[in-house]
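To start, the structure under review is shown below, and the notes come after it.
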Amino acid sequence: TIGTLMASLDTNIVVIALPTIVSDIHVSLLTLVWIVLGYWLVTASVLLNLGRLSDMFGRVKLYNLGFIIFTAGSVLCSVSQTGEQLLLFRIAQSLGAAFLFSNSAAIITDAFPENERGKALGLNQISIVVGSVMGLIVGGFLTSYLGWRSIFWINIPIGIFATIWSHTKLRELGTIKREKIDWIGNAALTVGLFLILVGITFGSFQMLNSIPFEMYLFIVTGISLIALFVFIEKNVIKPMIDLSLFKIRSFLGGNIAIFFNAIARGAFTLMMTFYLQGATMKLSPLDAGIYLLPVSISLSIFGPVSGWISDKYGSRMISPIGLFISAVGFF
């Protein structure tokens, strides 16, 4: 739970500090967007394969490695002198976060009996929301009074403590399994997503106006690699993702809903961070963080409540109602 909290804390803690980072080390808007994008792209791309590596070499061992990488990445981020350096070190950080995210739930599942597992996993999920709430306030406070580099300092003592604690206290309870890893499928998915995002961001910032063909080339090549990924997953013995899951309507519909919901909330948080601290509102990072709190607080309150309602009455109506309320709120 400490690992999940630390990794999720770092998402919002960086977002709220972005305007200050821009003014301090003169980061270009494109680099700035990729400081956020790169973190999640790497985490999403390697998450499943790191989970499989953990099954092969031990969850606790790779979980400890995640703490070490994340803490080292935080140290490097705090001493970055350029936007490009910060982007590179954020990617290192995201690799550590992927080790933490991919193993925390599995370690909890191993440690708790079946009748207590739901409660334990629920508390672990709440730590993600708590981390995002804390990130806004802590990030705003630190940036306002100690500068943007301090948002990475907070990870260092937590990371050192968690590394030592997990090394001495956690025991390997899972079964070690030797399995093959779908490296080709993973590469196709990662590079495909990367090229699509590069094409979209370059086009959005009009960097390729003189040769628009390149923008389309990035996007088309990326889509082709995603198609190749689907082909590989259907034919490989040990696929990274079991694509037959998407034949289940509730699974497919749920993922589509989460995807669009994430786009809406992600865009809102990023744009409002600059609006609140920009020339119009001129708020401090701390005040901007407070203004953005309602989203995270409502998630932490209504997440468990909606889970209880869906356990009792089913999720068929709860999800559409939630999406409709979100749409009204955005309007």
The range 1-79: chymotrypsin sites (Phe, Trp or Tyr not before Pro) falling in loop per DSSP and having at most 13 other Cβ within 10 Å: none
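Between Ile290 and Leu323, what FRET efficiency comes out of the Förster formula 1/(1 + (r/R0)^6) with R0 = 22 Å and r the beta carbon distance, rounded to 0.05? Let's see the in-between values first.
Numbers: r = 26 Å, r/R0 = 1.20.
It comes out at approximately 0.25.
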Per-residue ³J(HN,Hα) for the range 141-153, Karplus 6.51 cos²θ - 1.76 cosθ + 1.60, θ = phi - 60°, Hz, x for Gly and Pro: 5, 4, 5, 5, 10, 10, x, 5, 5, 5, 5, 8, 4
Spin-label model distance (nm) - Val75 vs Lys234, 7 Å beyond Cα toward Cβ: 4.8 nm
Inter-probe distance in nm under a simple model that places probes 7 Å from Cα toward Cβ, at Phe268 and Ile301: 1.5 nm
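Could you list the trypsin sites (Lys or Arg not before Pro) in the range 127-178 that lie in coil according to DSSP, counting only those with at most 15 other Cβ atoms within 10 Å of their Cβ? Don't jump to the answer; show the numbers that get you there.
Details: sites: Arg149, Lys169, Arg171, Lys177, Arg178; in loops: Arg149, Arg171, Lys177, Arg178.
For trypsin sites (Lys or Arg not before Pro) across the range 127-178 that sit outside H, G, I, E and B with at most 15 neighbouring Cβ atoms in 10 Å, the list reads Arg171, Lys177, Arg178.
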Cross-link reach list, lysines versus Lys247, counting only Cα pairs under 24 Å and skipping chain neighbours closer than eight places: Lys234, Lys238
Using θ = phi - 60° and Karplus 6.51 cos²θ - 1.76 cosθ + 1.60, couplings along the range 120-129 (whole Hz; Gly, Pro as x): 5, 5, x, 5, 5, 5, 4, 4, 5, 5
Contact order normalised by residue count of the range 44-151, Cα under 8 Å, 6+ apart, percent: 28 percent
Mean ellipticity per residue at 222 nm, deg cm²/dmol - from DSSP H runs of n ≥ 4 across the chain, formula -39500 (n - 2.57): -27500 deg cm²/dmol
Trp183-Ser250 pseudo-label distance in nm [points 7 Å out on the Cα-to-Cβ vector]: 3.9 nm
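When the accessible area of the chain is computed with all protein chains present and a 1.4 Å probe, what percentage of it is carbon and sulfur?
Values: 13080 of 18190 Å².
Ligands and nucleic acids excluded, carbon and sulfur reach 72 percent.
Which whole-number percentage describes the relative contact order of the range 151-268, with Cα contacts under 8 Å and a sequence gap of 6 or more? Spell out each step's value before the answer.
Values: 75 pairs, mean separation 28.6, N = 118.
The normalised contact order for the range 151-268 reaches 24 percent.
Over the chain, what is the relative contact order in percent, taking alpha-carbon pairs closer than 8 angstrom and at least six residues apart?
Numbers: 410 pairs, mean separation 79.1, N = 331.
It comes to 24 percent, rounded to a whole number.
What does the extension gain come out to for Ser315 and Ala257, with contour length at 0.36 nm per residue minus their alpha carbon separation?
Details: separation 58, 0.36 × 58 = 20.88 nm, distance 1.26 nm.
Computed gain between Ser315 and Ala257 is 19.6 nm.
Report the gain in length on full extension from Ala120 to Lys169: 0.36 nm times residue separation, minus Cα-Cα distance, nm rounded to one decimal.
Working: separation 49, 0.36 × 49 = 17.64 nm, distance 1.78 nm.
Using 0.36 nm per residue and subtracting the Cα-Cα distance, I get 15.9 nm.
The values are calculated or read from the model by the stated rules, or taken from the named source; none is laboratory data. Owing to the predicted nature of the structure, the values given are computational and were not obtained by experimental measurement. All Cβ positions, glycine included, derive from the backbone under ideal geometry; neighbour counts span all protein chains shown. Ligands, DNA and RNA are stripped out before the accessible areas are found, and what is left, the full protein with its side chains, is counted by its heavy atoms. Shrake-Rupley method; radii C 1.70, N 1.55, O 1.52, S 1.80 Å.
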